[in-house]
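Written below as structure tokens is the structure these notes are about.
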Amino acid sequence: MQFIQTIQNLREVLEDSRQNDLSVGLVPTMGALHEGHLSLIRKSASQNDLTIVSIFVNPIQFGANEDLKTYPRRIEADISLAQSHGARIVFAPSVLEMYPNNKPMTLIRNAQIESLYCGAYREGHFQGVLTVVAKLFLICNPDRAYFGTKDYQQLFLIEKMVEDLNFNLKIIRVPTLRKDSGLALSSRNEYLSEQDHLNAPAIFQGLEAAKKAYQKGESRVSFLIDIVRQSIELKKGQVQYIEIVDSSTLLPILDEIKGQTAVILVAAFWGKTRLIDNIELF
Ligand code: AMP
């Protein structure tokens, strides 16, 4: 396992791998690795000769009042976890290495979707995500890159970027890993109090209840959204948004689901901790 911190060093190592015809898988993360991340790493290791795990807490995707400073960082533990689950390279550049001129002048945007859902509450977030992911793709030139469906809007935007800008790689979707309670694993779960840990599974319980109702024939959007909202509020969560969207366009479905492949997207707070989750209704 190699621990690499500079772009040049990584490019040199990857040049050797290319000459040996090794396939490359990339797993971009912000570190504080948990089982969800590890499932991405294992998947990549099973499909590629060489797996790179990038660890970079990307400042340009955090808003002014967000948790950039307090975001959990534990690089030593991450390196050993990544290694033991199949990573051959951990790439952990500094902020200066990635952004020598502070915020880059060139940014990648999705004009249609970036300001919806999470983007409506996190200005500039997806622009920061797409820009760093594009940089990582150009630095690593992977054959495949692995992303979790937990961050559904992010995944959609990355897939669109790859399509729109002709990146020569395949995006592999990896399903959300959950605790037994249903709570989606997330680095931000560490912020939850003990009590909120018990309450936060209400997000997924609500999503599952809405899916059941849909499968039994309920197709009214407002009705399905109410099921999720009630589940969250009953357990003292504060809903930020709940939307039902068409998975092929990520545009909202209004009034009624009429055969579209629909997904429910949700963000909710327990205390100051913001959690997101989603469920596909197909
Ligand atoms: P992050 O470190 O939060 O930026 O996440 C890095 C990658 O791990 C993203 O592609 C996430 O979607 C994915 N991920 C985060 N949580 C989970 C989870 N519970 N299950 C599967 N993938 C996840």
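The values are calculated or read from the model by the stated rules, or taken from the named source; none is laboratory data. Note that the structure is a prediction, hence the values are computed from the model and not measured. With ideal geometry, Cβ positions are generated from the backbone for all residues, glycine too; neighbour counts draw on all protein chains shown. Note: areas computed on protein heavy atoms with side chains; ligands, DNA, RNA excluded. Shrake-Rupley method; radii C 1.70, N 1.55, O 1.52, S 1.80 Å.
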Hits in the stretch 113-125 - residues which are in contact (Cβ under 8 Å) with a residue 12 or more places away in the chain and either more than 13 Å from the ligand (Cβ to nearest atom) or under 18 Å from Glu243 (Cα atoms) (or both)
Ile113, Glu114, Leu116, Tyr117, Cys118, Gly119, Ala120, Tyr121, Arg122, Glu123, Gly124
So if I check each of Leu165, Leu155, Leu192, which one is closer than 22 Å to Thr131 by Cβ and open to solvent by less than 20 Å² (accessible area, probe 1.4 Å)?
Leu155
Go through the stretch 20-33 and give me each residue that's away from the ligand (no atom under 11 Å from the Cβ) and closer than 11 Å to Gly86 by Cβ.
Gly25
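Results for (1) surrounded by fewer than 17 Cβ atoms within 10 Å (Cβ to Cβ); (2) of a type in the set (A, V, I, L, M, F, W, C), shown as yes or no for each residue.
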{"site": "Ile41", "(1), (2)": "no, yes"}
{"site": "Gln47", "(1), (2)": "yes, no"}
{"site": "Asp67", "(1), (2)": "yes, no"}
{"site": "Glu76", "(1), (2)": "yes, no"}
{"site": "Glu114", "(1), (2)": "no, no"}
{"site": "Gln127", "(1), (2)": "no, no"}
Tally, over the stretch 1-39, of residues that are under 22 Å from the mean Cα position of the chain (by Cα), open to solvent by less than 20 Å² (accessible area, probe 1.4 Å) and hydrophobic (A, V, I, L, M, F, W, C):
6
Checking Lys150 against (1) within 16 Å of the ligand (Cβ to nearest atom); (2) modelled with pLDDT under 95; (3) part of a loop (DSSP other than H, G, I, E, B): exactly one of these is not met. Which one?
(2)
Here are some residues: Phe204, Phe223. Which one is within 16 Å of the ligand (Cβ to nearest atom) and either open to solvent by less than 30 Å² (accessible area, probe 1.4 Å) or in a helix (DSSP H, G or I) (or both)?
Phe204
Log entry, pairs with first residue in the stretch 11-25 being basic (Lys, Arg), second being in a loop (DSSP other than H, G, I, E, B), beta carbons closer than 9 Å, six or more apart or on different chains, reads Arg11/Asn141; Arg18/Asn141
When you check Ile257 against the structure, is it buried (at least 17 other Cβ atoms within 10 Å of the Cβ) and out of contact with any strand residue (DSSP E or B) (no Cβ under 6 Å at 6 or more places or on another chain), yes or no?
yes
Looking for something free of Cβ contacts under 8 Å to residues at least 60 places away in the same chain, within 19 Å of Ser84 (Cβ to Cβ), within 15 Å of the ligand (Cβ to nearest atom) and assigned to a strand (DSSP E or B) - is there at least one such residue anywhere in the stretch 34-48?
no
Do you know which residues across the stretch 137-146 are open to solvent by 10 Å² or more (accessible area, probe 1.4 Å) and either near the ligand (Cβ under 9 Å from one of its atoms) or not in a loop (DSSP other than H, G, I, E, B) (or both)?
Leu138, Ile139, Arg144
